Structures are given as structure tokens and as C-alpha cells.
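A.B. asks: Mind having a look at this structure? Questions to follow.
The values are calculated or read from the model by the stated rules, or taken from the named source; none is laboratory data. Worth saying up front: this structure is predicted, and the values here are computed from it rather than measured. All Cβ positions, even for glycine, are placed from backbone atoms using ideal geometry, and neighbour counts span all protein chains on display. For the accessible areas, the whole protein counts, side chains as well, though only heavy atoms, and no ligand, DNA or RNA atoms are used. Shrake-Rupley method; radii C 1.70, N 1.55, O 1.52, S 1.80 Å.
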Amino acid sequence: MRTPENLKNLLYPLLSIALLFVILIGMKSAAYFINIMLISVILTLLGIPIMKRLNKAGLSDILSVTIIIIIYIVCILGFVFLIYESLYVFISRLPEYEYLLTERLSELLDILARFNISGDMVASVLKPDWNAISKMLFEVVAGGSMLAMDLFFILVITCFALLEVHKMPGRIEKVYGEGSGKVENVKVIISNIIKWLVVKTKTNVVLGASFGGMLYILGIDMAVFWGLMAIILSYIPYVGLIIVSIPAIFLAWLQLGVWGAVVVIVGICIINAVVENFVFSKFAADSFQIPPPDRHCNDHPVVVDFRSCRVVSLGSVHCNHYRTPAGKSGHEMDNYTSRIRRSGAG
């Protein structure tokens with residue numbers, strides 16, 4: 001029996017929707033394991049440069065990995081201690097925050113009343129439920145055992161991954177054969193990913209230190225904690241710094257008033273602009289060995305090879321009209337780069 005044409009047209013959308021639901025349910029169920037694996041991969045990639053330096057110093061792989069894991073454990077324990085210390089400070093000062101919030105809301109309502117604006121909605125939004133916040137914080141503290149178990153699995157996976165790093169080239173050659181070029185491509189990709197992670201980490205450290213230092217100078221509570229959170233959350237593009245800035249701005253408003261919040265907002269914008277445009281560029285140029293632009297050229301041409309994640313500088317090409325064409329294949333990209341180099345040399 002043949003399926004009618006209209007039933008076929010209806011069947012494909014239904015199957016697509018069902019497949020989408022299955023994928024979403026699978027992602028939700030596997031989110032816990034995916035998060036652990038992603039964190040482990042990041043720690044592994046950050047540990048590879050340290051392991052190489054320790055190997056050059058004459059240490060064995062096992063001893064190098066042991067030192068790296070100890071460093072990670074010390075950093076994690078310090079971070080956990082800072083979290084618990086900050087939570088203790090926050091909980092102990094809840095009555096003070098509640099009193100300050102009442103004062104700030106009365107000031108804000110007076111300002112709104114001058115413009116004949118009702119402040120009931122603003123007051124309901126800005127006035128939090130302190131009991132609910134306290135309960136949530138105590139639940140976070142009580143969940144420390146689960147956090148410790150997650151960290152244990154992450155460190156175990158990271159440990160075995162670091163020990164297997166040197167065996168990867170041999171296994172790739174077994175699969176694709178010697179001389180296939182796959183090993184070199186994988187090394188280039190992993191090397192550039194590591195370089196990017198190192199650059200991003202150093203940039204985040206500068207950003208977090210500047211952010212935390214500004215809050216500390218202004219006298220905002222838990223300034224060190226907010227700076228450390230800025231380092232971690234800045235790995236999230238675009239929204240990471242915003243997430244950590246909101247509670248810091250709220251505390252600045254509570255402790256210093258409206259102008260204190262304005263100063264923090266302006267300071268965050270200045271710090272982010274300087275770090276992202278100058279500090280990150282400097283670290284990236286040093287890490288990827290991009291030479292400074294030629295004085296005789298308005299634009300320093302750079303080709304990005306997305307096939308192998310390479311950033312190819314074209315050197316002192318006295319022309320600013322070259323651009324990477326869209327849709328170029330890997331082979332065409334190599335020819336394109338060679339042609340631009342020859343034209344610059346000539």
C-alpha cells in the first residue's frame with residue numbers, strides 16, 4: 001500500500017519535530033557529563049604547556065602530571081575557601097544590607113515622585129526576599145559534598161588525559177597511516193587552541209584584577225570574590241562580565257548610593273574597553289607571533305586559515321586592498337597566501 005502524497009508531506013515535519021525533542025531531551029540528560037568533560041578538556045589544554053616545561057626540566061610524565069594536579073587542587077581549594085568566606089560575609093551583613101536597601105529605596109522613590117512617577121513597581125522589583133536568599137545560600141553551602149565529588153571526577157579525567165597526550169600522535173598514525181599529515185594538522189590545531197586559551201586566561205586575569213581592584217578601592221564588599229568571578233565568567237563571550245557586574249553594581253548602589261553605582265558602571269566600561277582592545281591584542285600578537293603593522297601600510301593584512309586554525313601574517317605588504325575571499329578551500333587558501341607573499345616580496 002503506497003503512502004498518499006499529503007501524508008508524506010506531513011510525515012517529514014512530524015519526524016523532524018520528534019527528532020528535535022529527542023535531541024533536546026538527550027542534551028538535558030547528558031548535560032552533567034558534558035559539563036564535566038568540557039571542564040576536564042579545558043584543564044587538560046591549560047596543563048599541556050606546564051607539562052612540556054616540566055618535561056624539559058627532566059621530570060617524568062607521572063611526576064609532571066602529579067605537580068599539575070596539585071596546582072589545580074590548591075587553586076580549587078583556594079577558590080572554594082573564598083566562596084565560603086564571601087558567603088559568610090554576605091550572610092553576616094544581611095541585616096545591614098536590608099537597612100541600606102530601605103534607605104536607597106526611599107531616596108529613589110523621592111526622586112521618582114518629583115517626576116510624578118509611581119515607584120511601587122520599582123520597589124517591588126528591587127526589594128528582594130532576604131529569607132529566600134539566605135535559604136538559597138545555605139543550600140549552596142550544604143551542597144559542598146556534591147561539588148567535591150564533581151571536582152574529584154574532573155581531576156581524575158584530567159590526570160588520565162594528560163598522561164595520554166604523548167600517545168595521541170602514534171594512535172593517529174595507526175588510523176591514518178604514516179606520512180598522511182594528519183598528525184601535524186592535529187598538532188597545529190591543538191597548539192593554537194592552547195595558545196588561545198592561554199591568551200584568554202591572561203586577559204581574564206588582567207580584567208579580573210582590575211575589576212576587583214577598582215571595587216576594593218571603592219570599598220565594595222567581597223571585592224576579591226567579584227574579581228575572581230570576573231576571571232572565571234569572562235570565558236563566556238559577551239555576557240560573562242555582565243553577569244558578574246550586576247551584583248557588584250547593586251552592592252555599590254547599596255553602599256555608596258547612585259553615584260557609586262555610576263562610578264562602577266563607568267569603570268567597568270573603561271576596564272573592558274582597555275583590556276579587550278589593547279591587552280588582549282598585545283597578548284594575542286605575542287602568542288601568535290604577529291609582527292607589528294608596517295608604517296607605510298594603513299592596514300596590516302592577515303589571512304586566517306580556518307582549515308587548520310592558523311593565523312597567517314603576510315608581513316610587510318605595501319598594499320591595503322587584499323582581503324581573504326569568502327568560500328576559499330584549504331588548497332586555494334594556501335595558493336592565495338603564497339601569491340600575496342610573492343607580490344609583497346616583489
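A.B. asks: Select from segment 91-113 the residues that are closer than 13 Å to residue 221 by Cα and touching a helix residue (DSSP H, G or I) at 6+ places or on another chain (Cβ under 7 Å) and write down the one among them that is most open to solvent (accessible area, probe 1.4 Å).
C.D. replies: Step one: list which residues in segment 91-113 are closer than 13 Å to residue 221 by Cα, which gives 91-94, 96-97.
Narrowing the set further to residues that are touching a helix residue (DSSP H, G or I) at 6+ places or on another chain (Cβ under 7 Å) leaves 91, 94, 97.
Values: 91: 47, 94: 16, 97: 2 Å².
Once the filter is applied, the top-ranked residue is 91.
A.B. asks: While we're looking at this one, here's another question. Scan 264, 188 and give me the residue that is β-branched (Val, Ile, Thr) and over 24 Å from residue 165 (Cβ atoms). Talk me through it step by step, then tell me what you get.
C.D. replies: Values: 188 fails: over 24 Å from residue 165 (Cβ atoms).
It is 264.
A.B. asks: Return the total of residues in segment 42-86 being open to solvent by 60 Å² or more (accessible area, probe 1.4 Å), part of a helix (DSSP H, G or I) and under 30 Å from residue 188 (Cβ atoms). Quick ask: steps written out before the conclusion?
C.D. replies: Just the residues of segment 42-86 that are open to solvent by 60 Å² or more (accessible area, probe 1.4 Å), to begin with: 42, 50, 52-53, 56-58, 60, 62-63, 66, 70-71, 73-75, 77, 81, 84-85.
With the extra rule that they be part of a helix (DSSP H, G or I), the set shrinks to 42, 50, 52-53, 56, 62-63, 66, 70-71, 73-75, 77, 81, 84-85.
From the residues that got through so far, the ones that are under 30 Å from residue 188 (Cβ atoms) too are 42, 50, 52-53, 56, 62-63, 66, 71, 75.
The qualifying residues number 10.
A.B. asks: List the residue pairs whose Cβ atoms are under 6 Å apart, where the first residue sits in segment 278-290 and is modelled with pLDDT under 85, the second is not in a helix (DSSP H, G or I), and the two are 6 or more positions apart or on different chains.
C.D. replies: 288/311; 290/313
The rows are residues; the columns are (1) on the phi > 0 side of the Ramachandran plot; (2) at pLDDT below 80; (3) hydroxyl-bearing (Ser, Thr, Tyr).
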{"residue": "78", "(1), (2), (3)": "no, no, no"}
{"residue": "82", "(1), (2), (3)": "no, no, no"}
{"residue": "88", "(1), (2), (3)": "no, no, yes"}
{"residue": "93", "(1), (2), (3)": "no, no, no"}
{"residue": "98", "(1), (2), (3)": "no, no, no"}
{"residue": "102", "(1), (2), (3)": "no, no, yes"}
{"residue": "111", "(1), (2), (3)": "no, yes, no"}
{"residue": "115", "(1), (2), (3)": "no, yes, no"}
{"residue": "119", "(1), (2), (3)": "no, yes, no"}
